[in-house]
Structure formats: structure tokens, C-alpha cells
Amino acid sequence: MTAPRFDELIHPSTRLSIVSLLAAADWADFSYIRDQLGLSDSALSKQLSTLEQAGYVTVDRTIRRRVRARLTTDGRVAFLGHVAALQAIVATANTSTGSAGDRSRN
């Protein structure tokens, strides 16, 4: 099991969507990621660069101008830790909501 660790770099919705998509694949073509997430080329390039600089993503540019990306081991660990942290937050909220709801009825 992965230890919960909230990751500020992954958390913004666009990056979280990219990393989630990459977590489900070995490699993903730039055009596939762009189309699935409804991003412009420039927006996706910027986010992939940020993730690549952090060591979370590897970007492969081929001679034929094909671009594809994948999560690195560090990226996968960070993603799984972030997911675990979000699940812990939701579990705490669910517990707190149940307790608060019980108190408001008294």
C-alpha cells in the first residue's frame, strides 16, 4: 500500500488529469492526451514540461515529430501517494460529516 502524500505539483486539475491518464497506460501519444482532456497543444506542452522537470513524466520525441509521454517510477509513486492522500481526506470528511450530522439532530 502506498503511503498518503498530498502532492502540490500533481494536484491542479489539469496535471492530475494528465497523470491519471498516464497511470493507466505504458505510453500515451500527445494527440491522444490532448484530445481526451480537451487541451490545446500549448497548454498540454506546458503541463508536460512541468511534470517532466519534476521527474514525474518522460517525454519521447521521435524523428517523425511524434510525441508521447509516460509516467516515471517517481511519477507513479507520487500519483499513488496523492490518490491515497485524497482518499484519506474524503474518509475523514465522511466520518466528520456523519458525526456532525448526528450532533445537529440532538
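The values are calculated or read from the model by the stated rules, or taken from the named source; none is laboratory data. Only a predicted model underlies this, so the values are computations on that prediction, with no experimental measurement involved. Here the Cβ is made from the backbone with ideal geometry for all residues, glycine too, and neighbour counts use every protein chain on show.
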Complete set of residues in segment 10-36 that are surrounded by fewer than 16 Cβ atoms within 10 Å (Cβ to Cβ) and either among the aliphatic types (A, V, I, L, M) or closer than 17 Å to VAL77 by Cβ (or both): HIS11, SER20, ALA23, ALA24, ALA25, ASP26
Going through segment 30-57 one residue at a time, which ones are assigned to a helix (DSSP H, G or I) and hydrophobic (A, V, I, L, M, F, W, C)? PHE30, ILE33, LEU37, ALA43, LEU44, LEU48, LEU51
Within segment 58-74, track down each residue that is in a strand (DSSP E or B) and surrounded by fewer than 16 Cβ atoms within 10 Å (Cβ to Cβ). VAL59, ASP60, ARG61
For segment 37-47, enumerate the residues that are loosely packed, with under 14 Cβ neighbours inside 10 Å and hydroxyl-bearing (Ser, Thr, Tyr). SER40, SER42
The number of residues in segment 72-106 that are touching a strand residue (DSSP E or B) at 6+ places or on another chain (Cβ under 8 Å) and either of a type in the set (S, T, N, Q) or modelled with pLDDT under 85 (or both) is 1
For THR92, the lone unmet condition from (1) within 16 Å of the chain's Cα centre (by Cα); (2) surrounded by fewer than 16 Cβ atoms within 10 Å (Cβ to Cβ) is (1)
Output the number of the condition that GLN87 fails; it satisfies all remaining conditions of (1) touching a residue at least 60 places away in the same chain (Cβ under 8 Å); (2) surrounded by 12 or more Cβ atoms within 10 Å (Cβ to Cβ); (3) of a type outside the set (Gly, Ala, Ser). (2)
Examine segment 13-29 for a residue that is part of a helix (DSSP H, G or I), out of contact with any strand residue (DSSP E or B) (no Cβ under 9 Å at 6 or more places or on another chain) and charged (D, E, K, R), and state whether such a residue exists. yes
Using the structure shown, decide if ALA43 is out of contact with any strand residue (DSSP E or B) (no Cβ under 8 Å at 6 or more places or on another chain), touching a residue at least 60 places away in the same chain (Cβ under 8 Å) and either under 15 Å from SER17 (Cα atoms) or not basic (Lys, Arg) (or both). no
